[in-house]
Structure formats: structure tokens, C-alpha cells
Amino acid sequence: MSSRLPAATNQSEQSFSDPANPTPNPALISDDARIDFWAAQASRLDWAEPWHTTHRFEKPQVIGEDQDGNPTYSVPEIAWFEGGKLNVAHNCVDRHVEAGRGDHVALYFEGEPGDRLVYTYADLQREVARASHALTDLGVVKGDRVVIYLPVIPETVIMTLACARIGAIHSLVFGGFSAEALKFRVEDTGAKVLVTTDGQNRRGKVVPVKVNADEACSGDNQIEHVVVVRRTSRPGNKQLAAGTRGARSNDELEVPWTPGRDVWWHDLIKDAPTVHTPEFFDAETPLFIIYTSGTTGRPKGLVHTMGGYLVQTAYTHALLFDLLPDTLDDDGALRPDELSMVNDPAKVDSTVHWCTADLAWVTAHTYEIYGPLVNGVSEVIYEGTPNTPHPGRHFEVIERYGVTNYYTAPTLIRSLMGAFPHGIPQIYNFSSVRLLGSVGESINPEAWRWLRSQIGRDQVPFVDTWWQSETGSCVASPRPHDPQFAPPGTFAAGTPGTSPKPGCATRAIPGVSVRVLDESGEPVETGHQGLAVVDKIGPSMARTVWGDPQRYLSSYWQQYGERGWFLAGDGARLDDDDDLYILGRVDDVINVSGHRLSTIEIESALVTHPLVVEAGTTPVEDPLTGHAVLACVVLTPAGAEVSATQLHDELCAHVTREIGPIAKPREVIAVPDLPKTRSGKITRRLLAQLYHNQPLGDRSSLQNEEALDAIADVMSARR
Ligand code: ATP
Ligand code: MG
């Protein structure tokens, strides 16, 4: 099966291509054209059967009234490509082998201790086949949940694809999470199988993991088997790879074992066949459950389905990471065709993609697992922390594999800036890099400029991709081929937007529309802060919250009711060019005497001060002004020498200069670290709770719980 079936709808390629306007404003695309656009993009995939209905959207309907007389709504229903059948793993692996690209590298794996492995697409096909048989042998069938609690190792990708292949719903959990956080996910998903490792390499140490898995399975759950990948005692770890400074070997760990339930991965796949015939599933079959970062409260388990998710993932990965073919536009300039349904084979072949996210984060699902593989490129996956054994580890990885796309997070860039205050030493060769990207938070202009000058020669495109677990894939971003990034002379004179806008998500991708609205749904004035709203959704939108459809309604759809607009929960504004700036979460807005200030803007200002590495701001109550700004700052070594009063005065003066006196912090507190979610986001609400000495809300998503005690100590010393 590898025929590419024609789409069931009747669309013409021409209807999307307007040479005079190569990047049409998607808000201007009619519903029909938008739906046809996605139908056309779906031809990127192999379908075993065509769909009969490209898109169905049952918007919320009024079904009654609550006690206060407000309307209550039905839960919306979204479907794309209904009736179509496909296999996600076939699309990500097998079809590349069938197309003669079996020898092309799929994964370059580098472990934290320095061990390395290379998997071609043909290797990946064999491994996924074995894992698929193994899961079936354990009794896993379509619709069963499998929780994958693994670090960034090849087995994580293989197991994920094996689940997709047999129709099991995977839910990946960050390997650094506590037993408690894992337990919540094991129980909430009702998983039948948990996959874990014996131990993990973390910051140069081997830490036991299986004990956490056992603890997570100790309560009320549906787990029948725990599959254990041997990681920390693998022979490869003892063979130290040359070129990794400070690499070390691991000792064997003792692994607690429950006979009958626990099974070693290597035993399970030992005799499994290396060929597996895929089954084809309806496009709306659930593919995975992803829990949000939990920045604003208890994580939500969002459900994504096979067809729509893979279509938008394939297209946006190609669009953002420059795989689309170049065409000559009317002005005689060479420019990628933003609406193309195919990729440029030469670009695909020469790409070495590296998304640095942990595989359990939505970023990695889309732009580290499914996106790169569905498009058939080579990619790097790296197990460890960026500063092990030294802060230049990422630079070694970029150089070693000739990484072309370096896609990372603002928090990581800021920590690199802190580690290399005088710039990256000139011992690394970054000439392979042709594109930079970031995701997860608004990027501070300072960090944007630093990365682009240090690694991107002040030349390469920088995609600041705005999206969420809910949207499944990117919603708004600058394009790599935007004129602002073009080398001089590439585009005809007179093209708009010739100066880069650091930290600007720019505009929605084709086929999706974003607006900045007030609470009643009216557009806000240019330059003013409003709510980011997706008023026309793409096919990768989450279909529900696992086990809690009411929360899906109340969190995202209730606000605009029957209009069917998705409330993203982020603040935003448009500039004079109608370009979009994301200003952080609405919950994080600081309202000082009626002035709505964005946490991210104040933080961006603070980190441009030479004494500050990182900043987290949050509203704290103030009897006069409503809110006052609390700024928690992580300092450079020089900053640590400065007195608290001097620090306060300097930073207040600095914020006043950068933004205005209204934004200056009432208090500046130097802290050793900021609380962050696993994806590196600052959990600002915890700063406020610690400051007010209030009970702390949900902490299960934190990557550095120890930071809380340290901050609490600093704060109590001030009381
Ligand atoms: P929760 O919803 O549980 O509070 P979360 O919103 O942090 O957690 P994610 O879905 O992982 O969980 O993150 C999406 C959020 O990340 C967006 O809503 C936005 O606030 C932020 N974000 C992601 N990319 C960008 C970006 N490029 N610019 C600005 N903000 C971004
Ligand atoms: Mg969110």
C-alpha cells in the first residue's frame, strides 16, 4: 500500500496560489477555500481510503441557562477527513523505505554519556515492526492507552510509532517527572502498559527510574505490564565516544522487579518479526493524549487524532523548516511556494533537524517525532541536559551532526547567555546552521538577537513559532523565507517588512486565522492588548480533554459560544503592520492602576540589564494600585556582588527607561532559580503564592521543585 489517493473533495491547486500575494492573509480565505486548502495538503500523506467529509465542526449550541441566567452550551465536535483511513507509522517510516530512501538517516542519537547510534529509515522500520509485535503480544489493542515514561532515547521514538501503528493511544511523560506526576497520568489515562527505563542519565549521574514507575503503579490503576528499557546498564555506555569532553561510564543499577507484570524490552523484542503489516484506521481515531505544561493549573489531557494532526504537522513542519520548493514570483524573485503540497527533495535530503525539546512535550511530538519523520528528513535526538558535562554541549552536537535547523526554547537561550556572557568561544563551527527557531514562551528580543548573532551569523531566519498543546501544531510564526530574513538582493525592491522583529509571532499560517479580540469578541485597537483567539481552526486542533469534555468546553470554547472561536488563553497585540505579538498568559497580566502590563514585556526589559540572567514577574496585591509588580531575578556573578537596595534602584530605573514608570517593580528579589515546568516555562503564579505565603497550587509539572524551597527561604528572610 503506498498509492497516494486523490483527495475526495474537488479542489484546484490554482485557487490557493495568488502570485501577487504569496502569503495571503488567512482571515481573508473563505471557509470553503480554507477547507479545500487542508484537503489539498492532505495529499502529502498516503491514505488507504479517501475521506468522504473534509471537515465537520459542530459549534457550541445554547442548551440552557445556569443559575445566573447565562447561557450554557453543548460541547463542540470537530472532525477532519472523516471516512479516510491511514496509518500514521506507515506515513512516517514505511513509505520512505518504499520510495527507495531506506538508507537515509532518520535518527542520530547522542546519549548524555557520549554514546551514539544512527538509525536509517530502514532500521527504524524494522524496530517499529518488532515493537508493534511486542505490544500486540502483551495484549495491547486499538484504543488501549500506553504511558511512555522514557528519556530522549531511540526507544521512545520507536515505542511511540509502534503505538501509532497498532492504534494504541500513547501518552508520553517527561522522564524527569516525579512518581506522583506519573501516577496522575497513569491513572487519568487508565493505561494498560507503562514503558520505562531501569535508570536515567541526568546531569552526569545515573538516577534510578524504575522505582518511580513502581510507585506510580502502586495505587488504583489498570496497568497490566511494565516494560523496562535497559538504558543505564547498556554496553554502549561503557564505550566512551571520542569528542565528548568529560564523558564518563555508568555503573549497573539494581532494578526492582515484579514478576509477571514487569518485562524487559530486550526480551520482548528478541524474537519479534522485523516485518509488520499495518492496519489502517479512521482519520478520527485517537493518536495520543498530551498533558499541558500545567503552568496555570492541573494539566489537561488533550486528545489528538490521527488524520488531522498528521496533515497539519506535515505541512507546518515543511513550511516552518524550509522544505517547500522555491518558485519564481511575479517580480522575478525566488521564493518558496507557501502553499505547495509537496516538498523540495534537495531540501529534504540536506536537512539535519534538531528540536531540543524533551520527547514528552507537545513541541517534540510535532516537530521531533511526527513532523521530521513524516517529511523524511534526518534529525538529531539528544538525551541529556544542555550543560552536561559542560555548557557548550549543544554546540558540539550542532557541529558533529551538521545541524541545519536548531529549534529550541527561550529559557535555554537565556541560560546559554548566562553561561557565555562574552559570547560563544570561536572554537565551534556553526556554518551548517541555516535556520533557528524557538517555542514555548515569548522570546525576549535580547535572547533572539543573541542566538541569531552567536549561532546564526546575524543572517539566518528565526521562526518564533506560537502554538499550544491544544492546537497540536503551529498557529502563527514568521516564515523562514520572509523578506526580513532574506539575504540582500534576493527579493525585488519594495518588499515589505525589511527589518526583523525579534519576538514577533508575525502572522497565522495559511489555513488558520488568528485575531486579537476583547472579551466580547470585538477587535481591539492596534497596539492594545487583547486576547489571542483562533477564529478559524486547522485540522490539528485537539478534539477533547481526556475524560473531561466539559473542561474542553469551559476552558476554550465557552467564551465565544456559538461563534465557535477558540480562546487560546494568551494575551496578544497587533502592531501597525498587523503583525502579532504574544504577551504571555492572560492570567499573568499585571493590572497596575488600570494599566494592563504584560509579564513578558517587563521580563524582557529586565533581562537586557547586564546583571540579570533571568526574570520572572508576577502580580502581587497592592491596596492602592490593585496589582504591583514583583520581580524575581536570577543574577549574573557580578549581580550577586551588588547590594539589594542598589539592585532594586538600578532595575527600577532600567524598567522605567525601557517601558515606563508604571511598569517598575515594587519589589525586586534575587533568587537562585525560577520555578519552571518541564518545558522550561516560568510558573509565575507560584512566585506570587510564595510571596504571599499562600498554599501552593498544583506542582506536579515542575522540573525543579527544589527551587521552591530556595525561593521560600529568600522570601521568608525578607518578611
Ligand atoms: P497549561 O495550559 O496547563 O497552563 P501551558 O499552556 O504552558 O500549560 P503548553 O501547551 O505546553 O502548556 O504551552 C502553550 C503555551 O506556551 C501558549 O499558550 C503560550 O503561552 C506559550 N507559547 C508557546 N510558544 C510561544 C511563542 N512562540 N510565543 C509566545 N508564547 C508561546
Ligand atoms: Mg495552556
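The values are calculated or read from the model by the stated rules, or taken from the named source; none is laboratory data. Since we're looking at a predicted model, the values are computed, not measured. With ideal geometry, Cβ positions are generated from the backbone for all residues, glycine too; neighbour counts draw on all protein chains shown. Note: areas computed on protein heavy atoms with side chains; ligands, DNA, RNA excluded. Shrake-Rupley method; radii C 1.70, N 1.55, O 1.52, S 1.80 Å.
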Point to revise | Identity of the residue in the stretch 306-341, over 24 Å from the mean Cα position of the chain (by Cα), hydrophobic (A, V, I, L, M, F, W, C) and open to solvent by 10 Å² or more (accessible area, probe 1.4 Å), that ends up modelled with the lowest pLDDT | key: Leu334
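Does Arg719 satisfy being within 16 Å of ligand 2 (Cβ to nearest atom) and either modelled with pLDDT under 95 or among the charged types (D, E, K, R) (or both)?
On the way: within 16 Å of ligand 2 (Cβ to nearest atom): no; either modelled with pLDDT under 95 or among the charged types (D, E, K, R) (or both): yes.
For Arg719, the condition - within 16 Å of ligand 2 (Cβ to nearest atom) and either modelled with pLDDT under 95 or among the charged types (D, E, K, R) (or both) - is not met.
Just checking, which of His627, His609 is at pLDDT below 95, in a strand (DSSP E or B) and either more than 16 Å from ligand 2 (Cβ to nearest atom) or in contact with a Leu (Cβ under 6 Å, 6 or more places away or on another chain) (or both)?
Details: His609 fails: in a strand (DSSP E or B).
Answer to the check: His627.
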Practice item. Quick one: Ile455 ticks every box in (1) over 19 Å from Gly371 (Cα atoms); (2) touching a Gly at 6+ places or on another chain (Cβ under 7 Å) except a single one, so which number is it? Key: (2)
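Just to confirm my filter: which helices (runs of 4 or more DSSP H) fall fully inside the stretch 350-463 and include at least 1 residues that are closer than 20 Å to Pro151 by Cβ and open to solvent by 20 Å² or more (accessible area, probe 1.4 Å)?
Working: elements: 371-374, 393-401, 410-419, 445-454.
The helices (runs of 4 or more DSSP H) meeting that bar are 393-401, 410-419.
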Review point. Quick check: is even one residue across the stretch 137-147 free of Cβ contacts under 8 Å to residues at least 40 places away in the same chain, open to solvent by 10 Å² or more (accessible area, probe 1.4 Å) and more than 28 Å from Gly384 (Cα to Cα)?
Key: yes
Study note, to complete from the structure: Residues in the stretch 214-243 that are modelled with pLDDT under 95 and assigned to a helix (DSSP H, G or I) total 4
Study note, to complete from the structure: Among strands (runs of 3 or more DSSP E) entirely inside the stretch 529-601, those with 1 or more residues being away from ligand 1 (no atom under 13 Å from the Cβ) and touching a residue at least 12 places away in the same chain (Cβ under 8 Å) are 530-536, 566-574, 590-592, 595-597
Practice item. Could you tell me which of the residues Asn25, Asn70 is at pLDDT below 95, open to solvent by 70 Å² or more (accessible area, probe 1.4 Å) and in contact with a Lys or Arg (Cβ under 9 Å, 6 or more places away or on another chain)? Key: Asn25
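Quick one: in the stretch 273-303, of everything that is of a type in the set (A, V, I, L, M, F, W, C) and part of a loop (DSSP other than H, G, I, E, B), which residue is nearest to ligand 1 (Cβ to nearest atom)?
Going residue by residue through the stretch 273-303, those that are of a type in the set (A, V, I, L, M, F, W, C) are 275, 280-281, 283, 287-290, 302-303.
Of the ones still in play, those that are also part of a loop (DSSP other than H, G, I, E, B) are 275, 280, 283.
Details: Val275: 37, Phe280: 30, Ala283: 23 Å.
That would be Ala283.
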Review point. Before we move on, is Ala346 of a type in the set (Gly, Ala, Ser), closer than 26 Å to Asn201 by Cα and not in a loop (DSSP other than H, G, I, E, B)?
Key: no
Review point. Within the stretch 116-128, can one find any residue that is open to solvent by less than 10 Å² (accessible area, probe 1.4 Å) and either over 20 Å from Ala314 (Cβ atoms) or under 21 Å from the mean Cα position of the chain (by Cα) (or both)?
Key: no
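Right, Gly376: farther than 21 Å from Gln703 by Cβ and either within 16 Å of ligand 1 (Cβ to nearest atom) or of a type in the set (Lys, Arg) (or both) or not? Break it down into steps so the answer makes sense when it comes.
Details: farther than 21 Å from Gln703 by Cβ: yes; either within 16 Å of ligand 1 (Cβ to nearest atom) or of a type in the set (Lys, Arg) (or both): no.
No, not satisfied.
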Check your understanding: Consider Thr608 against the criteria (1) under 22 Å from Arg449 (Cα atoms); (2) among the β-branched types (Val, Ile, Thr); (3) out of contact with any helix residue (DSSP H, G or I) (no Cβ under 6 Å at 6 or more places or on another chain): it satisfies all of them except one. Which criterion is unmet?
Key -> (3)
Review point. Taking interchain pairs and intrachain pairs at least six residues apart, which have beta carbon atoms under 8 angstrom, with the first residue in the stretch 680-702 and within 23 Å of Pro386 (Cβ to Cβ) and the second aromatic (Phe, Trp, Tyr) and more than 11 Å from ligand 1 (Cβ to nearest atom)?
Key: Ser701/Phe177
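Only one of Glu155, Glu180 is touching a helix residue (DSSP H, G or I) at 6+ places or on another chain (Cβ under 7 Å), of a type outside the set (A, V, I, L, M), assigned to a helix (DSSP H, G or I) and in contact (Cβ under 8 Å) with a residue 12 or more places away in the chain. Can you tell me which? Before the answer, list the steps.
Values: Glu180 fails: touching a helix residue (DSSP H, G or I) at 6+ places or on another chain (Cβ under 7 Å).
Unique residue meeting the criteria: Glu155.
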Exercise for review: Find the residue count for the stretch 623-645, including only residues that are among the polar types (S, T, N, Q) and surrounded by 12 or more Cβ atoms within 10 Å (Cβ to Cβ).
Suggested key: 2
Revision key, fill the gap. For the stretch 193-213 the number of residues that are β-branched (Val, Ile, Thr), at pLDDT below 95 and assigned to a strand (DSSP E or B) is 2
Check your understanding: Given the conditions (1) open to solvent by 10 Å² or more (accessible area, probe 1.4 Å); (2) touching a residue at least 40 places away in the same chain (Cβ under 8 Å); (3) closer than 21 Å to Gly376 by Cα, which single one is not true for Asp103?
Key -> (2)
**Study point:** Filtered residues of the stretch 686-708 (kept if surrounded by fewer than 18 Cβ atoms within 10 Å (Cβ to Cβ) and more than 28 Å from the chain's Cα centre (by Cα))
**Key:** His692, Asn693, Gln694, Pro695
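Does the stretch 540-553 hold any residues that are polar (S, T, N, Q) and under 23 Å from the mean Cα position of the chain (by Cα), and which are they?
Selection gives Ser540, Thr544.
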